[in-house]
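Throughout, read-outs are computed from the coordinates displayed, never taken from laboratory work. Worth saying up front: this structure is predicted, and the values here are computed from it rather than measured. Reconstructed Cβ throughout: ideal geometry from the backbone, glycine too, with neighbour counts over all protein chains shown.
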Amino acid sequence: MSQDVYANVNRAAKIGERVEVEVEIYESADTVTNGQNTVTEQQETNTNKTTQSNVTGQDCHHTTGTRSCRLAAVFLGLLCVILLIVIILLWFKFTTDRDQLQTSNSNLAAERDQLQKERDGLLMNLSELFLLSGWKYFNSSFYYITTEKKSWSESRKDCRDKGTDLLIINSREEQEFFNKELGRTEAWIGLTDEVTEGDWKWVDGSKPTVKFWAEGEPNNYQNEDCAITSFQRTISDILTWADYPCHQSVSWICEKRVTGL
Ligand SMILES: [Ca+2]
Ligand SMILES: [Ca+2]
Ligand SMILES: [Ca+2]
């Protein structure tokens, strides 16, 4: 009897343990299941949030980009139109200015040609007047050789009264021209050393670049400060200058330089 009781008690105890184990297993399973459900729900929530967030972000991004693109296109279009207008205006101004300059240039060229014709006509008339009055022309100068005889200063005054001055010899050709024209007729030239003895200068203040002093001249013999050409006692065909006293009466030569003939 007592053994049966103990056996029943042991069996009951084992059943109790199995029940407790099953309960624990079910609880664990529920816990796991609940945990999985919780995780799943959380994942779904997160997924929904992410999806919503992505959708919202894509819409925002997509909408903003389209608006920006349209604004940029409009801006670029306006910029192109403005640049085109500026280019057209600049081209119009350039062509207008160019045409005006061409017209001005043509007018100036016509005025220049007209002035040259008038100048040539005046010079021809002037040369005719000079030649008719006994002047001679050689190498851009008119010359007047007098037959009168005066002192150097009076001779120069006569030339200046004519709007000219005493002759200045600038080249060998000019000297040779007068040697032929004058022969042995002595004549004053515009050369003097009155200011500083021995420092010969032309009437325009320049110093001689070519010199044709006769042999032994200038010698300042009797205080001679004025120069003649065609010195009678010369022994050379080209070297014919000599210094004479300025008060001596001699013929003279006036020179008028001209250009354009
Ligand atoms: Ca000259
Ligand atoms: Ca002298
Ligand atoms: Ca002399």
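Listed here are the residues, each with its yes/no results for (1) crowded, with 17+ Cβ neighbours inside 10 Å; (2) within 16 Å of ligand 1 (Cβ to nearest atom); (3) within 30 Å of LEU129 (Cα to Cα); (4) within 54 Å of the chain's Cα centre (by Cα).
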site	(1), (2), (3), (4)
GLU148	no, no, yes, no
LYS157	no, no, yes, yes
GLN175	yes, yes, yes, yes
ARG184	no, no, yes, no
GLY198	no, no, no, yes
GLN222	no, no, no, no
ALA227	yes, yes, yes, yes
ILE235	no, no, no, no
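Here are ILE189, ILE169: which of them is touching a helix residue (DSSP H, G or I) at 6+ places or on another chain (Cβ under 8 Å) and within 16 Å of ligand 1 (Cβ to nearest atom)?
Values: ILE189 fails: touching a helix residue (DSSP H, G or I) at 6+ places or on another chain (Cβ under 8 Å).
Within the list ILE189, ILE169, the selection yields ILE169.
In this structure, does ARG184 turn out to be within 25 Å of THR147 (Cβ to Cβ) and either without any contact (Cβ under 8 Å) to a residue 60 or more places away in the chain or within 15 Å of ligand 2 (Cβ to nearest atom) (or both)?
Yes, satisfied.
Residues that are of a type outside the set (Lys, Arg) and more than 16 Å from ligand 3 (Cβ to nearest atom): which strands (runs of 3 or more DSSP E) entirely in segment 141-259 hold 2 or more of them?
Working: elements: 141-145, 187-192, 226-229, 242-244, 251-257.
Here the list reads 141-145, 251-257.
Has segment 211-225 got any residue that is closer than 22 Å to LYS157 by Cα and touching a Phe, Trp or Tyr at 6+ places or on another chain (Cβ under 7 Å)?
Taking segment 211-225 and keeping what is closer than 22 Å to LYS157 by Cα, we get 223-225.
Remaining after also requiring touching a Phe, Trp or Tyr at 6+ places or on another chain (Cβ under 7 Å): 224.
Within segment 211-225, one or more residues are closer than 22 Å to LYS157 by Cα and touching a Phe, Trp or Tyr at 6+ places or on another chain (Cβ under 7 Å).
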